[in-house]
Amino acid sequence: EWPETEHGIWIDYKNNVWLGGNSDDQVLKFTAAGKFLLQIGHAGRSKGSNDVENLNRPTKIIVDKATNEAYVSDGYTNRRVIVYDADSGKYKRHWGAYGKVPSDDPLPPYKPTAPPDQQFRNPVHCVVMSVDRLMYVCDRQNDRVQVFKPDGTFVKEMYYEKETLGSGSAWDLALSKDPQQKYMYLADG
């Protein structure tokens with residue numbers, strides 16, 4: 001199944017190409033030469049944020065060389081980070097905001113002065129791993145980045161431009177290439 005709209009591309013440590021389909025429900029893996037290797041999820045089959053076999057409009061994929069695990073920010077409809085074995089596509093684990101089980105229950109309208117939402121809002125727009133093996137997750141419409149250990153344990157959160165409203169401020173991020181990764185660059189859409 002080829003996605004109608006591609007969103008997120010990652011070249012892993014084995015030189016494989018990972019592609020997300022955000023108007024669809026799958027992640028595809030190819031060799032650098034374009035040979036199809038793996039599909040995770042199928043269009044139109046997602047049963048929500050706790051369905052471990054299907055995705056729902058994923059946004060970004062990264063692969064951890066140390067564990068050979070693929071982390072997916074899943075994303076525009078689901079409210080989670082989900083992890084698969086990067087070779088077999090076998091489900092490993094998933095989590096929502098604060099490392100909790102994600103919920104698809106409706107959230108009230110976003111208010112910058114309200115207590116923090118206990119769930120991610122849509123979209124969960126990025127996932128990035130730092131050299132100290134922390135996972136940075138963009139919770140775009142909540143104007144925040146949450147940080148986790150690779151097992152989903154919550155570490156901390158940071159808010160950016162909470163008055164932005166609309167589409168939020170935490171769209172994507174990158175970490176500087178110096179050994180300490182001294183800087184975090186945040187794309188505010």
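Structural remarks
- Residues (touching a residue at least 60 places away in the same chain (Cβ under 8 Å) and open to solvent by less than 40 Å² (accessible area, probe 1.4 Å)) located in the range 114-132: Pro123, Val124, His125, Cys126, Val127, Val128
- Residue list for the range 127-181, restricted to those being within 16 Å of the chain's Cα centre (by Cα), farther than 24 Å from Pro115 by Cα and not in a strand (DSSP E or B): Ser130, Arg133, Leu134, Pro150, Asp151
- Criterion violated by Asp143 - all others in (1) in contact with a Ser or Thr (Cβ under 9 Å, 6 or more places away or on another chain); (2) of a type in the set (Asp, Glu); (3) free of Cβ contacts under 8 Å to residues at least 24 places away in the same chain satisfied: (3)
Results for (1) open to solvent by less than 60 Å² (accessible area, probe 1.4 Å); (2) more than 19 Å from the chain's Cα centre (by Cα), shown as yes or no for each residue.
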site	(1), (2)
Glu6	no, no
Asp12	yes, no
Asn16	yes, no
Asn22	yes, no
Leu28	yes, no
Leu38	yes, no
Ser88	no, yes
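- Search result, residues across the range 161-189 that are touching a Phe, Trp or Tyr at 6+ places or on another chain (Cβ under 6 Å) and open to solvent by 60 Å² or more (accessible area, probe 1.4 Å): Gly189
- Residues of the range 40-52 satisfying the condition of being in contact (Cβ under 8 Å) with a residue 24 or more places away in the chain and open to solvent by 40 Å² or more (accessible area, probe 1.4 Å): His42, Ala43, Asn50, Val52
- Lone unmet requirement of (1) in a loop (DSSP other than H, G, I, E, B); (2) at pLDDT 95 or above for Asn122: (2)
- Selected residue (only one of Met135, Met158 is under 26 Å from Lys182 (Cβ atoms), at pLDDT 95 or above and open to solvent by less than 10 Å² (accessible area, probe 1.4 Å)): Met135
- Test for Gly75: is it under 17 Å from Trp2 (Cα atoms), open to solvent by less than 10 Å² (accessible area, probe 1.4 Å) and not hydroxyl-bearing (Ser, Thr, Tyr): no
- Residue match in the range 99-113 (condition: buried (at least 23 other Cβ atoms within 10 Å of the Cβ) and outside any strand (DSSP E or B)): no
- Of the candidates Tyr110, Tyr76, the single residue that is of a type in the set (Phe, Trp, Tyr) and under 19 Å from Ala187 (Cα atoms) is Tyr76.
The values are calculated or read from the model by the stated rules, or taken from the named source; none is laboratory data. Not measured: the values here are computed from a predicted model. No Cβ is skipped: glycine too gets one built from the backbone with ideal geometry, and neighbour counts run over all protein chains shown. Heavy atoms of the whole protein, side chains included, go into the accessibility calculation; ligands, DNA and RNA do not. Shrake-Rupley method; radii C 1.70, N 1.55, O 1.52, S 1.80 Å.
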